[in-house]
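No value in this document is a laboratory result; all are computed from the given coordinates. Bear in mind the structure is a predicted one, so any value in this text is a computation, not a measurement. Methodologically, a virtual Cβ is constructed for each residue, glycine included, from the backbone with ideal geometry; neighbour enumeration extends over all protein chains shown.
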Amino acid sequence: MSVFLAVLLFIFLFIPGILAPFTASAQDETVTSNRVADQLSKGALAEPGEPYVLDSYCTEAFFNGSSPSDCRFSSGSLRTQLGLSSGYQQVNVSLRGNLTAGGDGQEALCWDSTEPDTGLVESSDGSCDTVLERGNPVPTSQPSVTSVRVVTIDGEDVTLFVEMW
């Protein structure tokens with residue numbers, strides 16, 4: 001009887017640890033999310049030679065789903081532009097910030113193309129041409145990984161969020 005209990009105890013204590021390297025974890029999403037955030041903030045959307053300073057024209061085009069030839073990203077789906085494998089990871093990319101002195105928290109941002117005051121606005125402002133968010137909505141019922149970068153666009157410090165699940 002004691003041999004049986006010892007074998008049973010061994011199975012419950014050691015087998016899960018042996019199999020752990022072969023189970024899925026959030027580590028892949030963490031690495032990929034950081035890679036995508038760096039790719040966008042230092043290269044694809046950034047000014048050449050100035051990491052974390054986003055090009056307004058290319059940033060608006062990226063979130064609009066277009067790909068002008070003078071921007072540093074290719075055409076295609078968001079997954080293709082970010083170099084993500086198909087069917088494996090979901091992604092959401094957004095710019096958020098607080099552009100008003102009296103506001104609190106970070107709001108979703110938009111690009112307003114209306115003359116003469118074109119530029120960055122909070123989505124609650126109502127004058128929004130391009131919402132600066134792309135990808136599927138982040139589910140609240142699943143674990144997700146978020147990478148954050150503070151960037152500058154249109155003279156404003158805002159936050160780039162890359163969320164994966």
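Can you sort 165, 111 by how many other beta carbons sit within 10 Å, fewest first?
Working: 165 18, 111 23.
By the 10 Å Cβ count, ascending: 165, 111.
Its residue count N fixes a reference of 2.2 N^0.38 Å for the chain, and the Cα radius of gyration divided by that reference is 1.39. In this rough spin-label picture, where each label sits 7 Å from Cα along the Cβ direction, the residue 157-residue 10 distance is 5.9 nm.
Multiplying the residue separation of residue 127 and residue 52 by 0.36 nm and removing their Cα-Cα distance gives an extension gain of 24.4 nm.
Only helices enter this figure: runs of n ≥ 4 DSSP H residues, each worth -39500 (n - 2.57), summed and divided by the residues of the chain, yield -8500 deg cm²/dmol at 222 nm to the nearest 500.
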